[in-house]
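First comes the structure, then the notes that go with it.
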Amino acid sequence: MAKPLEEWSLDELRAEGNRIIDELARRGVTSTKKPKADIARSCENWVRGLGWDETFTREMVEDEFAVHERKLGQTLSDLDRNRLVQLWIALREERAQQAA
């Protein structure tokens, strides 16, 4: 348990303040170095990896896109959404033909 504020010396308070500032600076540098994930690429990877399953419906695919959008905090453009739905349809048909 942390000691009460009254028991801290001025030097201890300065040291703790500097430690907190250093930690925030490290977090800021670390977070800016990470490239922001691309929503279109993330959804395309899902379509190519898992989305072609014959049990999936278009609504399920749209729901999965929405999950990716929420996770990444980005919105899929209409052009990308249509392209990915067309890719999903093509992969689904291709795999259905291979299974037959």
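The values are calculated or read from the model by the stated rules, or taken from the named source; none is laboratory data. Fair warning: this is a prediction, and the values are worked out from it, not measured in the lab. Using ideal geometry, Cβ is built from the backbone for each residue, glycine included, and neighbour counts are taken over all protein chains shown.
Key figures for this structure:
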| item | result |
| --- | --- |
| Tally, over segment 56-81, of residues that are exposed (fewer than 14 other Cβ atoms within 10 Å of the Cβ) and under 14 Å from residue 37 (Cβ atoms) | 5 |
| Verdict on residue 50 being modelled with pLDDT of 85 or more, under 30 Å from residue 99 (Cα atoms), in a helix (DSSP H, G or I) and touching a helix residue (DSSP H, G or I) at 6+ places or on another chain (Cβ under 9 Å) | no |
| Within segment 14-47, considering residues that are at pLDDT below 85, hydrophobic (A, V, I, L, M, F, W, C) and in a helix (DSSP H, G or I), the one nearest to the chain's Cα centre (by Cα) | 29 |
